[in-house]
Amino acid sequence: MAYNHGKAERKWRLWKEAEEKVLRNCGVSESTIEKLRIYDRADFNSTRRFYRYLNDVAEYLEEMSDIEPPKAVNTVTDLLNEIENENLYRALLTVDKRTLQIVLLKMQGYSTKEIAPLVGLTTGAIYARLDHLRKKLKQFKA
């Protein structure tokens with residue numbers, strides 16, 4: 001959502017007016033109130049610059065996502081090529097291709113019952129292979 005400078009400005013102004021009214025009722029001098037106003041305005045401007053910068057970055061990222069569509073991972077080789085962590089890559093190289101095929105099909109949204117006939121295993125065997133892989137990856141994480 002974009003940063004609305006006008007809305008933030010009005011909100012800050014209303015808050016500041018209410019604060020200054022309280023300060024005047026408490027007997028604070030006008031010079032002190034003015035110093036507080038200058039300080040608070042500088043803080044508001046700093047925050048405003050941050051949100052504008054944040055909005056610019058978000059818009060840039062949205063534009064980049066439109067320009068560079070995500071690469072489709074259709075094969076086990078594509079899956080391995082997308083891994084940037086070298087240690088994880090090496091750990092997955094030790095896993096057999098059938099298990100990696102199961103992982104790929106899971107990533108594509110297939111259920112275990114749908115995967116079983118595709119890879120020629122029972123659903124129990126698929127669960128066991130995924131469990132072994134989870135344990136291996138937990139060791140990798142540690």
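Would you check if there is a residue in region 21-40 being out of contact with any Pro (no Cβ under 6 Å at 6 or more places or on another chain) and in contact (Cβ under 8 Å) with a residue 24 or more places away in the chain?
Looking only at region 21-40, we keep the residues that are out of contact with any Pro (no Cβ under 6 Å at 6 or more places or on another chain), and these are 21-40.
After this cut, where a residue has to be in contact (Cβ under 8 Å) with a residue 24 or more places away in the chain as well, the list is 40.
Checked against the condition, which is being out of contact with any Pro (no Cβ under 6 Å at 6 or more places or on another chain) and in contact (Cβ under 8 Å) with a residue 24 or more places away in the chain, region 21-40 yields at least one hit.
Looking only at region 102-119, filter to residues that are surrounded by 14 or more Cβ atoms within 10 Å (Cβ to Cβ) and not β-branched (Val, Ile, Thr); which one of those is farthest from the chain's Cα centre (by Cα)? Let's see the steps before the verdict.
Residues of region 102-119 surrounded by 14 or more Cβ atoms within 10 Å (Cβ to Cβ): 102-106, 110, 112, 115-116, 119.
Subsequent filtering for residues that are not β-branched (Val, Ile, Thr) retains 104-106, 110, 116.
Details: 104: 23, 105: 24, 106: 22, 110: 25, 116: 33 Å.
Once the filter is applied, the top-ranked residue is 116.
Sort through 77, 122, 99, 94 and tell me the only one that's surrounded by 14 or more Cβ atoms within 10 Å (Cβ to Cβ) and either closer than 24 Å to residue 140 by Cα or of a type in the set (Ser, Thr, Tyr) (or both). Reasoning before the result, please.
Numbers: 77 fails: surrounded by 14 or more Cβ atoms within 10 Å (Cβ to Cβ); 122 fails: surrounded by 14 or more Cβ atoms within 10 Å (Cβ to Cβ); 94 fails: surrounded by 14 or more Cβ atoms within 10 Å (Cβ to Cβ).
None of the other options fit; the residue is 99.
In the list 47, 122, 94, which residue meets the criterion of being polar (S, T, N, Q) and modelled with pLDDT under 85? Give the derivation first.
Values: 122 fails: modelled with pLDDT under 85; 94 fails: modelled with pLDDT under 85.
None of the other options fit; the residue is 47.
The values are calculated or read from the model by the stated rules, or taken from the named source; none is laboratory data. Just so you know, these numbers come straight off a predicted model, no measurement behind them. Don't worry about glycine lacking a Cβ; one is built from the backbone with ideal geometry, like all the others, and counts go over all protein chains shown.
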